[in-house]
Amino acid sequence: MTATELETKPKTQMEPRPKQKVERREESTRPGQYFMPAVDILETDDEMVLVADMPGVPPDGVDVQLDGDRLTIEGRVRAEDYAGLKPLHVEYVVGGYHRTFALGEAIDRDGIRASMQQGVLTLHLPKAEHARVRRIEVRAG
């Protein structure tokens, strides 16, 4: 396939994307590269669910912070897990993860919950009462 054919080929949801390197604005005391984790955001009647892929990050390597309307997730891999390895072929660059989201008024900040399992961070962002879908009864007359 030529480069032109690749550019015009329709994209599917299953095609892998290369990691996007993140240039952090603030100074960091932790060395290494940071990447933007791939994220899916799902919505139910009661909450938004954010699922971020951060392979290689253990549960104790995740930091989730809420500062006003800014929700920041950061994941750090353990450098010692990769020390001494001499790769023969590399398609995956090891590094940390960093991403920031702006939350709207529809999110109940006090109810946010997070869990990490097998490199996948799941955040539950409950909707504020005024933003939830509710049924309104219609009366005759």
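Give 94, 64 a once-over and let me know the one that is β-branched (Val, Ile, Thr) and over 14 Å from the mean Cα position of the chain (by Cα).
Details: 64 fails: over 14 Å from the mean Cα position of the chain (by Cα).
Criteria check complete, one pass: 94.
Within segment 46-96, how many residues turn out to be touching a residue at least 60 places away in the same chain (Cβ under 8 Å) and closer than 19 Å to residue 113 by Cβ?
Residues in segment 46-96 being touching a residue at least 60 places away in the same chain (Cβ under 8 Å) and closer than 19 Å to residue 113 by Cβ: 10 in total.
If residue 35 meets every condition in (1) outside any strand (DSSP E or B); (2) of a type outside the set (Ser, Thr, Tyr); (3) surrounded by 10 or more Cβ atoms within 10 Å (Cβ to Cβ); (4) modelled with pLDDT of 90 or more apart from one, which number is that one?
(1)
Condition check ((1) at positive phi; (2) in contact with an Asp or Glu (Cβ under 8 Å, 6 or more places away or on another chain); (3) among the basic types (Lys, Arg)) across all residues:
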residue: 71; (1), (2), (3): no, no, no
residue: 90; (1), (2), (3): no, no, no
residue: 96; (1), (2), (3): no, yes, no
residue: 108; (1), (2), (3): no, yes, no
residue: 113; (1), (2), (3): no, no, yes
residue: 120; (1), (2), (3): no, yes, no
residue: 131; (1), (2), (3): no, yes, no
residue: 134; (1), (2), (3): no, no, yes
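Return the pairs, sorted by first residue and then second, in which the second residue is of a type in the set (A, V, I, L, M) and outside any strand (DSSP E or B), the first residue lies in segment 115-127 and is within 10 Å of residue 55 (Cα to Cα), the beta carbons are less than 7 Å apart, and the residues are 6+ apart or on different chains.
Taking only residues 6 or more apart or on different chains, the pairs are 119/54; 119/57; 121/54.
Identify, from the list 47, 74, the residue that is within 30 Å of residue 128 (Cα to Cα) and within 15 Å of the chain's Cα centre (by Cα). Lay out the reasoning, then the answer.
Working: 47 fails: within 15 Å of the chain's Cα centre (by Cα).
From the options 47, 74, the qualifying one is 74.
With respect to residue 60, determine if the residue is assigned to a helix (DSSP H, G or I) and surrounded by fewer than 16 Cβ atoms within 10 Å (Cβ to Cβ). Spell out how you get there, then give the answer.
Numbers: assigned to a helix (DSSP H, G or I): yes; surrounded by fewer than 16 Cβ atoms within 10 Å (Cβ to Cβ): yes.
It is true that residue 60 is assigned to a helix (DSSP H, G or I) and surrounded by fewer than 16 Cβ atoms within 10 Å (Cβ to Cβ).
The values are calculated or read from the model by the stated rules, or taken from the named source; none is laboratory data. Quantities reported herein were computed from a predicted structural model and do not represent experimental measurements. Ideal geometry is used to build each Cβ from the backbone, glycine not excepted, and the neighbour counts take in all protein chains shown.
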